[in-house]
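Note sheet for the following structure.
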Amino acid sequence: MTFRSLSFASMLCGVALLAAPAAAPLAAQTPSSGYHVIRHIPITGDGGWDYITIDTASNRLFIARGTRVQVVDLKTSALVGEVKGTSGVHGVAIDPATQRAYTSNGRDTTAAIFDVRTLTPQKTVRVTGANPDAILFEPVTRRIFTFNGRGQNATAIDASADTVVGSVALGGKPETAVADGAGHVFVNIEDKSQLVEFDAATLAVMHTYPLAPCESPSGLAMDKAHSLLFVGCDNKMMGIVDAATGRVIATPPSGSGTDANAFDAERGLAFSSNGGDGTLTVVRQTGPSTFTSENIPTARGARTMALDPRTHLIYMVTAKFNPAAPPTAEQPRPRPTMIPGTFEILVVGK
């Protein structure tokens, strides 16, 4: 995710999703899903934020806060520590076998490594492209991938040796990525409105797919069982893509300012977090080629999220903001500033 998220704002048991055919979809509004904000958790510390990540083994939530990673115990809701030395951190990826975490540090073009349980820093690795943004652990190759915004590429790091083993040229600015569990990685290309699929082992680009009518794709999630991708689009829709063909098969409406997507495999629901209008979009499949969506009120600025697959709870982060300053020649689109002491976690459930 870009640092715009840092400055302003930095899925009901349903039918399981089915492999969708090529027929043109319909979109409609679903009845109320029952999801709502069930809890607010205040967290100390000011500054922007970006991706948040849940580690189910340690039951911890990791929040990228610009200059450090804040760590919250999900059982107690307590802030249990911070990892510093992560300049311009966008996200955290975790190797479950070693319980080590890797950060994408946009300002200094590095990935920092720390122990998930002790939060002890271990090593810093320089990546191959400027502004590493999204970060992903790929389980087949046991590689960590950073997706480098200004570098327009991805860096592969061997999680066994913590060394860079290669790069993937992506042909545009990468945003969020997902692994399909079979050794392939899909990544959104924000400035081209494309989806790139590459081989995690050979680092060869396999396909580049257009995402129209989806514009400026950001968040990305996957239903691996049915080979469907859920793309967060900047023009208030969720692009649903057949991962086998790259075809956009549905575009149910969503909220504005989307920056993250998630998929609950057990409930068969997809989500997008929309910081622009303060909503969470819940999408489910109702027929072979029909999907419904509903926007749940959350809070302005809550554009990133993490889904806990065990509890089905969704965690989002935001704060309160001062009004934006009047436009000037130097700042034609001034952004509102965060009110100190108002940062919080929103917990969404049923």
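The values are calculated or read from the model by the stated rules, or taken from the named source; none is laboratory data. Keep in mind that what you see is a predicted model, and the values were worked out from it rather than measured. Don't worry about glycine lacking a Cβ; one is built from the backbone with ideal geometry, like all the others, and counts go over all protein chains shown. For accessibility, only protein heavy atoms count, side chains too; no ligands or nucleic acids. Shrake-Rupley method; radii C 1.70, N 1.55, O 1.52, S 1.80 Å.
Rounded to the nearest Å, what's the spacing between the alpha carbon centres of the stretch 74-130 and the stretch 152-186? Just the number, please.
17
Assigning unit charges at the beta carbon (Lys, Arg +1; Asp, Glu -1) and nothing else, what dipole magnitude in debye, to the nearest 20, does the chain show about its Cα centre? If you can, show how the numbers build up before the last one.
Numbers: 29 positive and 30 negative charges, 112 e Å.
Roughly 540 debye, rounded to the nearest 20.
Within the stretch 51-148, which trypsin sites (Lys or Arg not before Pro) sit in a loop by DSSP and count at most 10 neighbouring Cβ atoms inside 10 Å? Kindly include the intermediate steps, with their values, before the conclusion.
Numbers: sites: Arg60, Arg65, Arg68, Lys75, Lys84, Arg100, Arg107, Arg117, Lys123, Arg126, Arg142, Arg143; in loops: Arg65, Arg68, Lys75, Lys84, Arg107, Arg117, Arg142.
Those satisfying the criteria are Lys75.
So how exposed is His207, as accessible area in Å² (1.4 Å probe, rounded to 10)?
Its accessible surface works out to 80 Å², give or take rounding.
Stretched out fully, how many nm does the piece from Arg107 to Thr44 gain, at 0.36 nm a residue minus the Cα gap? Provide the component values of the computation, followed by the final result.
Details: separation 63, 0.36 × 63 = 22.68 nm, distance 2.34 nm.
Gain in length upon complete extension: 20.3 nm.
What dipole magnitude, in Debye to the nearest 20, does the stretch 208-350 give about its Cα centre under +1 on Lys/Arg Cβ and -1 on Asp/Glu Cβ? Present the calculation step by step, with values, prior to reporting the outcome.
Values: 12 positive and 12 negative charges, 30 e Å.
The dipole magnitude comes to about 140 debye.
Projecting each Cα onto the charge dipole of the stretch 95-224 (Lys/Arg +1, Asp/Glu -1 at the beta carbon, about the Cα centre), which of Phe198, Ala161, Gly106 comes out farthest on the positive side?
After comparing all options, I get Ala161.
Using a ≥ b ≥ c from the Cα gyration tensor of the chain (square roots of the eigenvalues), is it rounded, prolate or oblate, where a/c under 1.5 gives rounded and otherwise the larger of a/b and b/c decides, a/b for prolate? It would help to have the intermediate numbers written out before the result.
Numbers: a/c = 1.33, a/b = 1.09, b/c = 1.22.
Taking the square roots of the gyration eigenvalues as a ≥ b ≥ c, the chain is rounded.
Report the gain in length on full extension from Ser256 to Val140: 0.36 nm times residue separation, minus Cα-Cα distance, nm rounded to one decimal. Before the final figure, lay out each step's value.
On the way: separation 116, 0.36 × 116 = 41.76 nm, distance 3.47 nm.
Between Ser256 and Val140, full extension yields 38.3 nm more.
Under the 0.36 nm per residue contour assumption, what length would be gained going from the current alpha-carbon distance of Arg126 and Thr202 to full extension?
Answer, rounded to one decimal: 25.3 nm.
For Met237, list long-range residues whose amide hydrogen, built 1.01 Å from N in the peptide plane, is under 5 Å from its own amide hydrogen.
So Met237 has HN proximity to Ser254.
Points 7 angstrom from Cα along the Cβ direction at Thr286 and Arg335: gap in nanometres?
Taking the two extended label points, one gets 3.7 nm.
What is the stretch 138-253 by shape, rounded, prolate or oblate, if you read a ≥ b ≥ c off the alpha carbon gyration tensor as root eigenvalues and call it rounded for a/c under 1.5, prolate for a/b larger than b/c, and oblate otherwise?
On the way: a/c = 2.23, a/b = 1.55, b/c = 1.43.
Prolate shape, in that a/c is at least 1.5 and a/b is the bigger ratio.
Once phi is turned into θ = phi - 60°, what whole-Hz ³J(HN,Hα) does the Karplus curve with 6.51, -1.76 and 1.60 give for every residue of the stretch 244-256, x standing for Gly and Pro?
6, 10, x, 7, 6, 9, 7, 9, x, x, 9, x, 9
With the full set of protein chains in place, find how many percent of the accessible area of the chain is carbon and sulfur; take the probe as 1.4 Å. Spell out each step's value before the answer.
Numbers: 7210 of 13070 Å².
Within the chain, the accessible surface is 55 percent carbon and sulfur.
Name the residue farthest towards the positive end of the dipole of the stretch 227-350 from the options Asn322, Asn274, Thr298, assuming +1 on Cβ of Lys and Arg, -1 on Cβ of Asp and Glu, about the Cα centre.
The residue sitting most towards the positive pole is Asn322.
At a Cα cut-off below 30 Å, give the lysines reachable from Lys320, other chains included and same-chain residues fewer than 8 away excluded.
Lys75, Lys84, Lys173, Lys236, Lys350
Work out from phi, with θ = phi - 60° and the Karplus expression 6.51 cos²θ - 1.76 cosθ + 1.60, the ³J(HN,Hα) of each residue of the stretch 279-284, listed in order in whole Hz, and give x for Gly and Pro.
With the stated coefficients, the stretch 279-284 comes to 9, 10, 8, 10, 10, 9 Hz.
Under 5 Å between amide hydrogens, which residues at least 5 positions from Tyr51 or on another chain qualify, with H placed 1.01 Å from N in the peptide plane?
For Tyr51, the qualifying residues are Ala64.
Does the stretch 43-161 classify as rounded, prolate or oblate by the C-alpha gyration tensor (a ≥ b ≥ c root eigenvalues; a/c under 1.5 gives rounded; else a/b over b/c gives prolate, otherwise oblate)?
Details: a/c = 1.95, a/b = 1.27, b/c = 1.53.
Because a/c hits 1.5 or more and a/b fails to exceed b/c, the stretch 43-161 counts as oblate.
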